[in-house]
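Here the structure is laid out as structure tokens; the discussion comes afterwards.
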Ligand SMILES: [Zn+2]
């Protein structure tokens with residue numbers, strides 16, 4: 001049952017507000033990006049930090065105007081260089097904590113001009129060692145945001161996304177197993193840990209077990225999974241799906257969920273699997289199979305009549321469930337959940353089937369402590385204490401920690 005080493009990356013979405021007397025509209029967006037990137041670089045000098053520029057390759061912009069020439073790359077200012085400063089044939093984002101613009105819902109004045117700007121900070125590719133150590137670098141970054149002195153806010157439309165990959169490369173089989181586990185755990189576990197406020201938003205929370213193309217196409221031609229259409233592979237990996245009873249976790253439509261799982265396992269390529277996970281309206285769902293070529297660049301659709309070449313690539317499973325957080329324990333817990341799901345998916349058929357069997361057994365007993373038992377099945381019981389506290393905060397209408405009554409980030413003492 002040996003599992004494979006996994007990799008992690010995250011994306012944090014946050015809003016930086018104007019100070020009193022500053023100009024509304026887009027004019028100060030680059031200044032705010034610069035301010036955010038500079039404060040991170042100053043406070044965390046040991047980590048590689050870069051920012052997206054707005055200049056053309058030959059000129060400079062407000063973000064990079066005072067940078068040494070070797071730190072001005074096409075579209076990028078390096079603030080704290082990595083060693084080496086970049087890798088040939090790899091996206092520069094793989095190496096840096098990166099500050100970029102992000103189109104977020106921000107407050108505006110009476111003329112519709114923006115009073116704040118949305119940004120995203122992405123992590124470099126992090127190793128399992130970093131995760132096992134409790135994400136100390138991420139803790140530094142979150143601390144620097146809280147000590148920045150900038151007026152920062154976030155709301156539950158701001159996302160916290162995790163990209164989980166496999167060091168030796170993504171495979172169709174691993175991606176199918178991960179998507180299967182997510183189908184089972186999405187409503188009873190992932191939804192609960194994303195806060196009610198975020199999960200009630202039709203636009204920001206799109207469960208694959210309710211709104212993916214797999215779900216919508218699954219029952220177009222069939223009422224149930226018969227022997228004639230059944231995927232033998234699904235039967236090998238997950239037992240007894242035909243005996244599922246209607247329950248909240250399967251939206252009271254067990255046959256429909258079974259058909260969708262069957263569709264997943266009949267899929268013959270990573271590209272098609274990624275397409276089937278999109279929402280039936282064509283949006284990214286809360287789980288995305290993010291397809292990448294061997295060099296790390298975003299994959300493009302295979303030409304008609306050809307198959308994709310995505311086996312063994314740095315493609316990732318992107319978990320887009322939780323809202324942004326400034327709390328390292330929240331970020332760490334979600335990172336562990338995403339990584340654990342993918343790690344289980346790298347195990348062999350028998351070991352995976354055992355976990356799926358245990359999950360299904362717990363799903364049959366729907367009571368208040370079901371989520372605790374599911375964490376235990378995932379071997380994440382050490383998280384139970386944290387989630388008890390966090391679920392109480394959600395109940396007290398505090399979906400994001402460390403915000404004041406006006407929604408602004410409470411500074412952390414230096
Ligand atoms: Zn620039």
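The values are calculated or read from the model by the stated rules, or taken from the named source; none is laboratory data. Given the structure is predicted, the values throughout are model-derived calculations rather than measurements. As a convention, Cβ positions derive from the backbone with ideal geometry for all residues, glycine included, and neighbour counts pool all protein chains shown.
Among the helices (runs of 4 or more DSSP H) contained in the range 312-414, which hold 3 or more residues that are within 24 Å of residue 174 (Cα to Cα)?
328-345, 349-364, 370-377
Please find, within the range 245-283, the residue that is surrounded by the most Cβ atoms within 10 Å (Cβ to Cβ) out of those that are in contact with a strand residue (DSSP E or B) (Cβ under 8 Å, 6 or more places away or on another chain) and farther than 12 Å from residue 215 by Cα. Steps first, answer last, please.
If we filter the range 245-283 for residues that are in contact with a strand residue (DSSP E or B) (Cβ under 8 Å, 6 or more places away or on another chain), which is where we start, we get 260, 270, 273-274, 276-280.
The next check asks that each one be farther than 12 Å from residue 215 by Cα; those that pass are 270, 273-274.
Details: 270: 26, 273: 23, 274: 21.
Checked the range 245-283; the qualifying residue surrounded by the most Cβ atoms within 10 Å (Cβ to Cβ) is 270.
Within the range 327-346, can you find the residues that are surrounded by 22 or more Cβ atoms within 10 Å (Cβ to Cβ) and more than 11 Å from residue 164 (Cα to Cα)?
330, 331, 334, 344, 345, 346
Collect the residues in the range 201-221 that are farther than 15 Å from residue 253 by Cα, modelled with pLDDT of 95 or more and more than 14 Å from the chain's Cα centre (by Cα), keeping them in residue-number order. If you could, list the steps in order and put the result at the bottom.
First, pick out the residues of the range 201-221 that are farther than 15 Å from residue 253 by Cα: 201-206, 213, 221.
Filter once more, so that each one left must be modelled with pLDDT of 95 or more: 205-206, 213.
Correct list: 213 only.
Could you grab me the full set of residues in the range 211-231 that are within 16 Å of residue 277 (Cα to Cα), surrounded by 15 or more Cβ atoms within 10 Å (Cβ to Cβ) and touching a helix residue (DSSP H, G or I) at 6+ places or on another chain (Cβ under 8 Å)? If you could, list the steps in order and put the result at the bottom.
Step one: filter the range 211-231 for residues within 16 Å of residue 277 (Cα to Cα), giving 211-219.
With the extra rule that they be surrounded by 15 or more Cβ atoms within 10 Å (Cβ to Cβ), the set shrinks to 211-216, 218-219.
Matches in the range 211-231: 212, 213, 214, 215, 218, 219.
Regarding residue 206, is this residue in contact (Cβ under 8 Å) with a residue 24 or more places away in the chain and assigned to a loop (DSSP other than H, G, I, E, B)?
On the way: in contact (Cβ under 8 Å) with a residue 24 or more places away in the chain: yes; assigned to a loop (DSSP other than H, G, I, E, B): yes.
Criteria met by residue 206.
Here is a list: 41, 59, 30, 51. Which entry is within 11 Å of the ligand (Cβ to nearest atom), in contact with a strand residue (DSSP E or B) (Cβ under 7 Å, 6 or more places away or on another chain) and either assigned to a strand (DSSP E or B) or farther than 30 Å from residue 347 by Cα (or both)?
51
Kindly indicate the residue of the range 79-106 that is touching a residue at least 60 places away in the same chain (Cβ under 8 Å) and over 19 Å from the mean Cα position of the chain (by Cα) and also surrounded by the fewest Cβ atoms within 10 Å (Cβ to Cβ) among those meeting that condition.
Ranking the candidates gives 89 first.
Look through 234, 241 and report the one residue that is surrounded by 15 or more Cβ atoms within 10 Å (Cβ to Cβ) and at pLDDT below 95.
On the way: 234 fails: at pLDDT below 95.
Selected residue: 241, the only one of 234, 241 that is surrounded by 15 or more Cβ atoms within 10 Å (Cβ to Cβ) and at pLDDT below 95.
Within the group 257, 273, 289, 261, which residue is outside any helix (DSSP H, G or I) and touching a residue at least 40 places away in the same chain (Cβ under 8 Å)?
Working: 257 fails: outside any helix (DSSP H, G or I); 273 fails: outside any helix (DSSP H, G or I); 261 fails: outside any helix (DSSP H, G or I).
From the options 257, 273, 289, 261, the qualifying one is 289.
When residues of the range 62-78 are filtered for being within 22 Å of residue 292 (Cα to Cα) and either within 9 Å of the ligand (Cβ to nearest atom) or surrounded by 20 or more Cβ atoms within 10 Å (Cβ to Cβ) (or both), how many remain? Full working, then the answer.
Going residue by residue through the range 62-78, those that are within 22 Å of residue 292 (Cα to Cα) are 74-76.
Now drop any that are not either within 9 Å of the ligand (Cβ to nearest atom) or surrounded by 20 or more Cβ atoms within 10 Å (Cβ to Cβ) (or both), which leaves 75-76.
Total satisfying the criteria: 2.
Taking residue 7 and the conditions (1) away from the ligand (no atom under 13 Å from the Cβ); (2) surrounded by 19 or more Cβ atoms within 10 Å (Cβ to Cβ); (3) assigned to a helix (DSSP H, G or I), which numbered condition does it fall short on, given that it satisfies the others?
(3)
Does residue 149 qualify as being surrounded by fewer than 24 Cβ atoms within 10 Å (Cβ to Cβ) and touching a strand residue (DSSP E or B) at 6+ places or on another chain (Cβ under 7 Å)? It would help to see each step written out before you state the result.
Values: surrounded by fewer than 24 Cβ atoms within 10 Å (Cβ to Cβ): yes; touching a strand residue (DSSP E or B) at 6+ places or on another chain (Cβ under 7 Å): no.
Against the criterion (surrounded by fewer than 24 Cβ atoms within 10 Å (Cβ to Cβ) and touching a strand residue (DSSP E or B) at 6+ places or on another chain (Cβ under 7 Å)), residue 149 does not qualify.
Which members of the range 108-133 meet the condition of being part of a loop (DSSP other than H, G, I, E, B) and either more than 24 Å from residue 321 (Cα to Cα) or at pLDDT 95 or above (or both)? Before you say what the answer is, go through the steps one by one.
Going residue by residue through the range 108-133, those that are part of a loop (DSSP other than H, G, I, E, B) are 109-113, 115, 123-125, 127, 133.
Correct list: 109, 110, 111, 112, 113, 115, 123, 124, 125, 133.
Please go through (1) free of Cβ contacts under 8 Å to residues at least 60 places away in the same chain; (2) touching a strand residue (DSSP E or B) at 6+ places or on another chain (Cβ under 8 Å); (3) within 16 Å of the ligand (Cβ to nearest atom) for residue 36 and return the number of the only condition it doesn't satisfy.
Going through (1) free of Cβ contacts under 8 Å to residues at least 60 places away in the same chain; (2) touching a strand residue (DSSP E or B) at 6+ places or on another chain (Cβ under 8 Å); (3) within 16 Å of the ligand (Cβ to nearest atom) one by one, residue 36 breaks only (1).
In the range 129-142, is there at least one residue being within 20 Å of residue 32 (Cα to Cα), away from the ligand (no atom under 16 Å from the Cβ) and touching a strand residue (DSSP E or B) at 6+ places or on another chain (Cβ under 7 Å)?
Here is the first cut: in the range 129-142, the residues within 20 Å of residue 32 (Cα to Cα) are 141-142.
Next, from what is left, pick out any that are away from the ligand (no atom under 16 Å from the Cβ): 141-142.
Now restrict to residues that are touching a strand residue (DSSP E or B) at 6+ places or on another chain (Cβ under 7 Å): 141.
Yes, some residue in the range 129-142 is within 20 Å of residue 32 (Cα to Cα), away from the ligand (no atom under 16 Å from the Cβ) and touching a strand residue (DSSP E or B) at 6+ places or on another chain (Cβ under 7 Å).
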